[in-house]
Each structure stands twice: as C-alpha cells, then as structure tokens.
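A.B. asks: If you scroll down you'll find the structure; I have some questions about it.
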Amino acid sequence: MAVPSFVDRVRLHVSAGRGGNGVASVHREKFKPLGGPDGGNGGPGGSVILRVDPDVTTLVDYHNSPRRKAEHGGQGAGDHKNGAHGADLVLSVPDGTVVADTEGNVMADLVGVGTEVVVAEGGRGGLGNAALASTKRKAPGFALLGEPGDERELVLELKIVADIGLVGFPSAGKSSLIAAMSRARPKIANYPFTTLRPNLGVVTAGETTFTVADVPGLIEGAADGRGLGHDFLRHVERCAAIVHVIDTASIEPGRNPVDDLDVIENELTRYGGLEDRPRIVALNKVDVPDGRDISDITIEDLRARGLDVYPVSAASTEGLRELTFAMARIVSATRTTAEPAAPQRIVLRPTGLGSAPGAEFTVTATPDGWRVRGHKPERWVRQTDFSNDEAVGFLADRLNRLGVELALAKAGAEEGDAVIIGAEENAVVFDFRPSIEAGAEMLGRRGEDQRFNSDRPAAQRRRDILEAMETKEENEARADVARRLDDARRAGKLDAPEPKRGGADGPMSYEIGSEDDPDHAPDRGGEE
C-alpha cells in the first residue's frame, strides 16, 4: 500500500512521563548514627507538547507513528539528591491544526508560528523523607511515589491557513491557476479528480504577498460526502475570500457557468460557516473560442448578482494580473482589520472534583462499597507505597484530616464496609475502621523518633544546669553545679525532668495548617 504524502487528519495517542519516586534515606556519617533524613524528591515526568512549526505542512508523521511518549522523571537519592526531570516531548504540527478528543470536542486551535499546547502533563515526582520531615515528624521512614503522567487519545485535524481558497468542479483549472500565478507545481492532467490533496501557492501582487489554496474538485452532494470535497472543504474555513473557478469550455452536456456557481454555492451553504467570505468569480479557459463566447454571455448576469467577475486563462495568463490584484485588495483589507495573533502556550487540565472550595471530595454509595472521589484523595492514593505500613498510616491520617472519615460516617458507612478510592481501573479498597488513630504507639506520631526529641530528660537536665550556672557560687565549677542539682533532685527538692511531648505516654494532636500538615507546610520543593 502506498504511503500518503499528505495527511490532514490523524488519531494520536500521547503518554506523558511518570514522576520519579521519592526516597527514604538516613544520613550516615562517622560518629553520627542518627544524621537525620536526607532522601531526595523524585523528578517530574516530561510533558507532551504540540507546537506549530512553519516547516511542517502535513500530519503524515503521526499517521506513520501514532503513539508518542515523553520521558519519565528520575528517582531521588540519598544526600538530598533530587531525581532528574523527564524531558518534554515536543511534536511539531502545521499551522492551523485543530486538537480535539475522540468525542469531537475541540481542545485547542493552533494558529500562529510558535503557538503550543500541553496535551499531556507529566506526573509530579514523589517527596522524599527529607521533604516530609518537620519539627514534629523528624524521621519519616517512608517516601511518596511519583504520579503517573496524563494519557490521552487525540484527533488532529489540519485546516490550512491560506488567504484565498479556490473552489470549483473537477477539471475547472484550479491547479492550473495556482501554477500560473505562483511557483507551485501541482499535478495537472485532463481528467477529473487529478488533485487529491490541497495545493498551496504563494502569490505576490504589488506589495501584498498572500497564499492561495485549491480544494480538490467539488461535485453536487459534496457536503454529504460525495467526491473529495467533504474531506477538504475545511481547508477553506480560514480563507479571507473564496474564488469560484468556473470552466467556460466544459464539454459536458447541460453545464453552464451560472448553474455551476449555484451548485457550488449550495454545497458551501450546506457545509456552513462560509457565508461571510467575499466571493470572486474567475471564468476560466477564455482562450478557447467557445469559452470566450460563454464568458461574454454570462458575465453580465453574474455581475448583476453583485459578484466581482474576471474572465481569465491559466494557459495564456490573460486576466490573471487583474484577478491577483483583486485577491490582494481583499487580503490587505482583512489583514488591516484583524488583530495579529500572538503565539500562546495552552495547558489542558481536566477539571477535578477538588477544584472548587468546599468540594474537596464526594462520597457515593455503590453496590461495591462507598466510592470516594476527589482530586486530593485519589492523588494521595497514587502516591502511597502500600508495602510500607508507615506510609499507609500516613495516608489514613491525611484522609482523616481532610474529613473523609467523618463524611463516610455521616453518609451511613458502618465498620467493615468497603471504601473505594482511585481510578476505576486501579482503585484501592479499604475496610472502614472509624475513630482509630493510625499513629505508631512506641514512636509517638508516625515517623517520629524520640531519639530526635529535644525535650528528653537529658536535654532538660542540661537546660537546668545552664540556668543554675547563672547563680552559681564563685568557687563552683559546672560539675559542682550538676552534682548539687542531682543531689537536690534525689532528695525530692527538685522535680525530675519530664518530656513535654508524648509518645507512648499519650496521643499527639495537631491542627491542619501547622507545619506538621504536608498539605499546608512550607514548600520544600515538592507537593502543594
């Protein structure tokens, strides 16, 4: 099968890169067995970007390779080393490419060199345990996973950005006109439907330079899909004017210029959206004797309709100068009134349930269990390493702070009911266990190591000694002050230092918005 050289409609499957995983690591150094967490964050995945390139005129590359992927983000490492960013995948498309989904909903219309759209955004990298640490969670033993990138099925459709569009019946001489007015060299032959793809030519008239495109031959019923017109009529949607190329020397019985014009106008009306374009009529092939006679007979009737009519000949170039300057006047007037389109960058982001205040998540009863939907809960599930009990407990704490447990209880969920969170294809099912603290008992809060607690007895004893040093006697040394305090404590004259924070001694509490809440903590280069 022959490979087409011109393709103006393709289906493209794009996949953005996955974010790299964060790392749980502890700093190791001689004489410092507890150097603290130093796990780095994962790098974000690469995005897939469509960008208008003036050197690209067809979508044939995506017809041959319809699946494209961006790079994944790198995994973090110890010693606060973040993972590498996945490289973005930039796909070049022609000017005038329309991006839509498989349902036909237009997502972006790319017009103007340099205009680009992010059609698939790379996944965010997971936080390492260094970014998850805080004054109250000093030694997290887990990290967050990277998020998967967007994956989309797109339909790319090219609508050529030309100033003038030539329309007419097959063999009316549209390709010959472009070849005579410009340096374009389209295929020309004496049989219908010679042109199987739109041809573009650059024409100069005085100080105005513009582009002309011809649409493969239209026939009656083109708007319903007959012939080739239905596939290519979209290429005249952006044109400033439409030129009817009418064959005055047709040998087909029953054909005349007025009827041909009415047929083509009817098809343009049925296609829709072209009513406001100025019309010019080019009566072609007047170099043929019969063509000259028919042109003289019909030219006044066409002008009586208010049309701008020019008898021309692509073979002898008669009338082409007048026709090109008429085109140039329309193009100049259009460019004067139109505002120049500046290149822009568009990012497609689907609207999530958690985008509006007060709509962080929804709880719905289903036959399989209670379905929790929302941007944050689903994202947190994707970030959780379920092989790490501490990470699972951290997820439970986050969901509880968000109010998921309370919402489930209000909706009527009972202990043991299934709770489903996540996308349909890889949802995670939990058993509902209300009013259960998930924090580790021996470590106080989850991820907290009491060895890092500055309020342990030894630290309190040192503070007492420092305070007593300010009132020590002249002949006392530090050791004497410490000995005096110890003797007083043993004699019951001084209270023993006690930790100010509980671990096994009692539960910890904290408020949303404190630095212990990762969704409201200061930015450490990772999650919001």
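The values are calculated or read from the model by the stated rules, or taken from the named source; none is laboratory data. What you are looking at is a predicted structure, and each value in this text was computed from that prediction instead of being measured. All Cβ positions, glycine included, derive from the backbone under ideal geometry; neighbour counts span all protein chains shown. Just so you know, the surface numbers come from the protein's heavy atoms only, side chains and all, with ligands and any DNA or RNA stripped out. Shrake-Rupley method; radii C 1.70, N 1.55, O 1.52, S 1.80 Å.
A.B. asks: Give the distance, in whole Å, between the Cα centre of the stretch 311-328 and the Cα centre of the stretch 282-309.
C.D. replies: 13 Å
A.B. asks: Compute the FRET efficiency between residue 204 and residue 151 as 1/(1 + (r/R0)^6), taking r as their Cβ-Cβ distance and R0 = 60 Å, and round to the nearest 0.05.
C.D. replies: My answer for the efficiency is 0.85.
A.B. asks: Taking the Cα centre of the stretch 19-136 as origin, work out the dipole magnitude from +1 charges on Lys and Arg Cβ and -1 charges on Asp and Glu Cβ, in debye rounded to 20.
C.D. replies: Working: 10 positive and 14 negative charges, 199 e Å.
The calculation lands at about 960 debye.
A.B. asks: Just order 116-122, 464-470 by mean Cβ neighbour count inside 10 Å, highest at the front, would you?
C.D. replies: With the highest mean Cβ count within 10 Å placed first, the list reads 116-122, 464-470.
A.B. asks: If you count, for each residue, the other Cβ atoms within 10 Å and average over each peptide, how do 78-84, 281-287 line up from highest to lowest?
C.D. replies: 281-287, 78-84
A.B. asks: Still on this model: In the calculated pair distance distribution of the stretch 45-198, what percentage of Cα-Cα distances lie above 18 Å?
C.D. replies: The proportion of pairs with Cα distances above 18 Å equals 71 percent.
A.B. asks: Counting only heavy atoms of the protein chains, get the accessible area per residue of the stretch 49-176 (1.4 Å probe) and round it to a whole Å² value.
C.D. replies: Ligands and nucleic acids excluded, the result is 39 Å² per residue.
A.B. asks: Using a Cα-Cα cut-off of under 29 Å, which lysines could be cross-linked to residue 493, ignoring same-chain neighbours fewer than 8 residues away?
C.D. replies: Output for residue 493: 472.
A.B. asks: Need the C-alpha centroid separation for the stretch 20-76 versus the stretch 83-155, integer Å.
C.D. replies: Going from one Cα centre to the other spans 10 Å.
A.B. asks: Could you work out the relative contact order of the stretch 67-116? I mean the mean sequence separation of Cα pairs under 8 Å and 6+ apart, divided by the number of residues, in percent.
C.D. replies: The normalised contact order for the stretch 67-116 reaches 24 percent.
A.B. asks: Separation of the stretch 240-260 and the stretch 396-435 by C-alpha centroid, Å?
C.D. replies: Value for the Cα centre distance between the two parts: 71 Å.
A.B. asks: For a protection proxy built on the mean count of beta-carbon atoms within 10 angstrom, sort 165-177, 398-410 highest first, please. Each step should come with its number before you reach the end.
C.D. replies: Details: 165-177: 25.0, 398-410: 17.2.
Ranked by mean Cβ neighbours within 10 Å, highest first: 165-177, 398-410.
A.B. asks: Ok, one more. Straight-line reach only, C-alpha to C-alpha below 27 angstrom: list the lysines that residue 174 could link to, leaving out same-chain residues fewer than 8 apart.
C.D. replies: Output for residue 174: 159, 187, 285.
A.B. asks: Once R0 is set to 35 Å, what does the formula 1/(1 + (r/R0)^6) return for the Cβ-Cβ distance between residue 102 and residue 265, expressed as a FRET efficiency to the nearest 0.05?
C.D. replies: Efficiency, from the Cβ-Cβ distance: 0.55.
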